[in-house]
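Notes follow once the structure below has been shown.
The values are calculated or read from the model by the stated rules, or taken from the named source; none is laboratory data. These figures come from a predicted structure and were not determined experimentally. Quick reminder, even Gly has a Cβ in these numbers, built from the backbone with ideal geometry, and neighbours come from all protein chains shown.
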């Protein structure tokens, strides 16, 4: 058993680099509109494409990691991150930039892959601390993406070249330091399921992002929506007949996990809808630089990290569903604050503080809420689905937020984020109460 603690630090660095790519594009979007002469609903795909790719990559690469080794798949994910970053850095038009973002999104599974590797790298008594370190790097990476974009003055080429360098360094460190005791799962990857999930999500998000421009009742929009429904139906049917499907449909609808699933989707949606709108408001209305956008959101970043690390004592006193409901309520309050008042620095800093408290608390408890009511053998599947739907919610927010922001203004966009967070709070509270009353 390989117990070198340096492996934990290397894997934490890799997870942080992989998380950077999810948020680094957010403050770049207004500048990309000008540089690439593209409308907001089209430029938003620079964000949506990476998140969508991550949603498909999480279950696929996790399954491949079980079959061919998590270290190998971590190196593959980092290699795709490097390739995508380099492609984005040399892009002069939106199409290759989006292609690069698709490759970057393959880094999203680094967290579940790293968690599997850490189980072999450290003794059992140190495992909770090591897992906590890996989870905390999500907050560092998420906020660090905003700061990185600001320090490089919003230059997307410099940002992507920096990600390229960080990816190369991370690849080299993982290759040199991390070792794995081979354990190979039987079966084969569900490539058909991955393709079907990607197709119906792209059809849905493309219809949402372009519906206002094409017309909501136009043949292209209606055709894409119909295709999304049909392909989603085919995916569900094939997943139920597949021995090892990409996503276990019964687990997706399990009465013990469905509350966490819905709340995770809605909370992921609310967070990305809020931060993308903050970026647009700060740069468009207040004339802030890209660096200032990162500073406005710094309270969110810091509190996401601090609260997620310190949430353990709260989870010993309160149920996970209650904490998710409370965190979602705080996110609702932050979004409503910005929907009603966003004209001063105090508004942005104050709302960002409340947002960080809410998201930190909600995200910390979601993992427990997802697995506490399933049998131990299904814990990994439940946790993976929870992470997947959170990324799906974020990708939907990228498309929906751009449409609402372009059509109705920032107030409506923050209002949609508040509504999603409120529904997450209500669903978590009601579902948690129903489970407490249900017979064991």
*Determine which single condition residue 235 fails, assuming it passes every other condition in (1) outside the structural domain of residue 197 (by TED's automatic domain parsing); (2) in contact (Cβ under 8 Å) with a residue 12 or more places away in the chain; (3) over 20 Å from residue 424 (Cβ atoms).*
(1)
*asked:* Of the residues 321, 343, only one is in contact (Cβ under 8 Å) with a residue 12 or more places away in the chain, crowded, with 24+ Cβ neighbours inside 10 Å and out of contact with any strand residue (DSSP E or B) (no Cβ under 7 Å at 6 or more places or on another chain); which?
replied: 321
*Might you check whether a residue that is more than 18 Å from the chain's Cα centre (by Cα) and farther than 25 Å from residue 407 by Cβ occurs anywhere in segment 266-286?*
no
*Working carefully through the options 287, 259, 294, 268, find the one that is on the phi > 0 side of the Ramachandran plot and either assigned by TED's automatic domain parsing to the domain that holds residue 341 or surrounded by fewer than 24 Cβ atoms within 10 Å (Cβ to Cβ) (or both).*
287
*For residue 393, which of the numbered conditions (1) surrounded by 18 or more Cβ atoms within 10 Å (Cβ to Cβ); (2) more than 16 Å from the chain's Cα centre (by Cα); (3) modelled with pLDDT of 75 or more fails to hold?*
(2)
*What single numbered condition from (1) modelled with pLDDT under 80; (2) crowded, with 19+ Cβ neighbours inside 10 Å; (3) more than 19 Å from the chain's Cα centre (by Cα); (4) assigned to a helix (DSSP H, G or I) fails to hold for residue 196?*
(1)
*Scan segment 32-45 and give yes if some residue there is under 19 Å from residue 391 (Cβ atoms), touching a residue at least 24 places away in the same chain (Cβ under 8 Å) and out of contact with any helix residue (DSSP H, G or I) (no Cβ under 6 Å at 6 or more places or on another chain), otherwise no.*
no
_For residue 287: the one exception among (1) at pLDDT 85 or above; (2) outside any helix (DSSP H, G or I)_ = (1)
*asked:* Step by step: first the residues of segment 178-192, then only those that are touching a helix residue (DSSP H, G or I) at 6+ places or on another chain (Cβ under 6 Å) and surrounded by 17 or more Cβ atoms within 10 Å (Cβ to Cβ), then the one that is modelled with the highest pLDDT. Which residue is that?
replied: 178
*Before we move on, is residue 26 closer than 15 Å to residue 276 by Cα, in contact with a helix residue (DSSP H, G or I) (Cβ under 8 Å, 6 or more places away or on another chain) and modelled with pLDDT of 80 or more?*
yes
